[in-house]
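Undergrad: This is the structure, below, for whatever I ask next.
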Amino acid sequence: MSRARVARRIATAAAYGGGGISLLGGAAVGLLLTEARLAKRVVGGFDATPPRADGRYGSAFADRTDEPALRLGFLGDSTAAGQGVRRARETPGALLASGLAAVAERPVKLVNVALPGAKSDDLARQVALLLDSSVPPPDVAVIMIGANDVTHRMRLATSVRLLSDAVGRLREAGTEVVVGTCPDLGSVEPVYQPLRWLARRASRQLAAAQTIAVVGLGGRTVSLGDLLGPEFEARPRELFGPDNYHPSAEGYATAAMAVFPTLCASLGLWPEPDERLDARRGEDILPVAQAAAAAASEGGTEVVPASAGSGPRGRWALLKRRRRRLLDQEQPQQDAAGAAAEPERQDTAESDAAGGAAHRSA
């Protein structure tokens, strides 16, 4: 069965509430658990609390515009929280908030409700924190989820349905949504064959199914799997953190560079020429299942709903392979203005309340 058909079956099962396809068969699960116990002897502990990066970025732009600060929400697991680094500015939320502030030339308020160890069944709680009625909903939200669903053997259809529920609630609130799909767990260095192959296969299946569901709700996805896989395998000492599992500061920067163009495009802030299809980069309009399968196999690939809507082969999607750009190249004013390197600690009460609630719940 093709990857596109598998992804379509999983997404369909999620939509209709079925149990769907489990990540791995019984024999594979036994092998997975045995290999996982061996890997845990090498992988370090995950107890360190991620640095808190909630706050205002790009405050220097406040004097240049009358527009209110953009609100950026961050949801997901330990990767979204930035576990594995020591400084707030090294987390993916801070990197994207500071880059977005420079491109938009207006302040950005970051509220990160991600929880280390979270599976997709925690997204409902996280969405509730972001959609607190006392503050405006985020303009855009980034979700990074899926790795713990794979390692805890959550059924694919269940995982996708929970993500769909979260994306649907955010979209109903008027929030643009960008999902960094399930990363390639086969790139984790202490994981050996055949566990590495099984982890990679399960990761890609989930990533493709996530894409179909998110695009169907009007969101965008960015594949983090194969983008990070080869790079992390080639330079594990630089891109993995001390625990050999979570990314290092450089690893998070690599992931943020992949998400950044899509984040800006979701708000209409990316250069117009780059929005056109470029056949030289393999960009195309495809049935969503085919686009999802292609994206899962090639990291840094964006999938977004196409204006063509639906056809005989189902919903259509736009497959984009954007050029990655270093975030610090997008924010030349940062060092001089001191606006984006670290979150402003004198935040408004609404940011403190939302961020504090998230960490108390975590």
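What follows is calculated from the coordinates using simple rules that are stated; it is not laboratory data. Just so it is clear, the model here is predicted, and its values are computed rather than measured. Cβ placement follows ideal geometry from the backbone for every residue including glycine, while neighbour counts extend to all protein chains displayed.
Undergrad: Order the peptides 116-122, 146-152 from the highest to the lowest mean number of other Cβ atoms within 10 Å of their residues. Mind dumping the intermediate values first?
TA: On the way: 116-122: 20.1, 146-152: 22.6.
Peptide ranking by packing, descending: 146-152, 116-122.
Undergrad: A further question on this structure: Among 98, 133, 164, rank each residue by its count of other Cβ atoms within 10 Å, from fewest to most, as a rough exposure measure. Spell out each step's value before the answer.
TA: Working: 98 26, 133 6, 164 22.
In order of increasing Cβ crowding within 10 Å: 133, 164, 98.
Undergrad: Next up: So, counting K/R as plus one and D/E as minus one, what does the shell of residues with Cβ under 10 Å around residue 158 add up to?
TA: Numbers: positive: 119, 155, 161; negative: 121, 149.
Surrounding charge for residue 158 is +1.
Undergrad: Using 0.36 nm per residue, how much length does the chain from residue 269 to residue 62 gain when fully extended, once their Cα-Cα distance is taken away? Mind dumping the intermediate values first?
TA: On the way: separation 207, 0.36 × 207 = 74.52 nm, distance 1.78 nm.
Stretched fully, the residue 269-residue 62 segment lengthens by 72.7 nm.
Undergrad: OK, next. Classify segment 105-184 as rounded, prolate or oblate, taking a ≥ b ≥ c as the square roots of the eigenvalues of its Cα gyration tensor: rounded when a/c is under 1.5, otherwise prolate if a/b is larger than b/c and oblate if not. Don't skip to the end; give the middle numbers.
TA: Working: a/c = 2.07, a/b = 1.77, b/c = 1.17.
Because a/c hits 1.5 or more and a/b exceeds b/c, segment 105-184 counts as prolate.
Undergrad: Follow-up question, since we're still on this one. To the nearest 0.05, what FRET efficiency results for residue 307 and residue 171 with a Förster distance of 22 Å applied to their C-beta separation? Before the final figure, lay out the partial values.
TA: Details: r = 17 Å, r/R0 = 0.78.
Taking R0 as 22 Å, the efficiency between residue 307 and residue 171 is 0.80.
Undergrad: Can I ask one more? For segment 59-73 and segment 266-301, what is the separation of their C-alpha centers, rounded to whole Å?
TA: 29
Undergrad: In sequence order, what are the phi-derived ³J(HN,Hα) couplings for segment 142-157 according to the Karplus relation 6.51 cos²θ - 1.76 cosθ + 1.60 with θ = phi - 60°, rounded to whole Hz, with x for glycine and proline?
TA: Rounded to whole hertz, the list is 10, 10, 10, 8, x, 4, 6, 4, 5, 5, 9, 6, 5, 4, 4, 5.
Undergrad: Output ³J(HN,Hα) for segment 49-57: one whole-Hz value per residue in order, computed from phi by the Karplus curve 6.51 cos²θ - 1.76 cosθ + 1.60 with θ = phi - 60°, and x for Gly and Pro.
TA: Once rounded to whole Hz, the list reads 6, x, x, 7, 10, 4, x, 9, 10.
Undergrad: Taking a virtual spin label 7 Å from the Cα of residue 49 along the C-beta vector, which residues in segment 116-138 bring their backbone nitrogen under 14 Å of it?
TA: Those under the cut-off are 116.
Undergrad: Taking H as built 1.01 Å from N, whose amide H comes closer than 5 Å to the amide H of residue 298, not counting residues under 5 places away?
TA: 226
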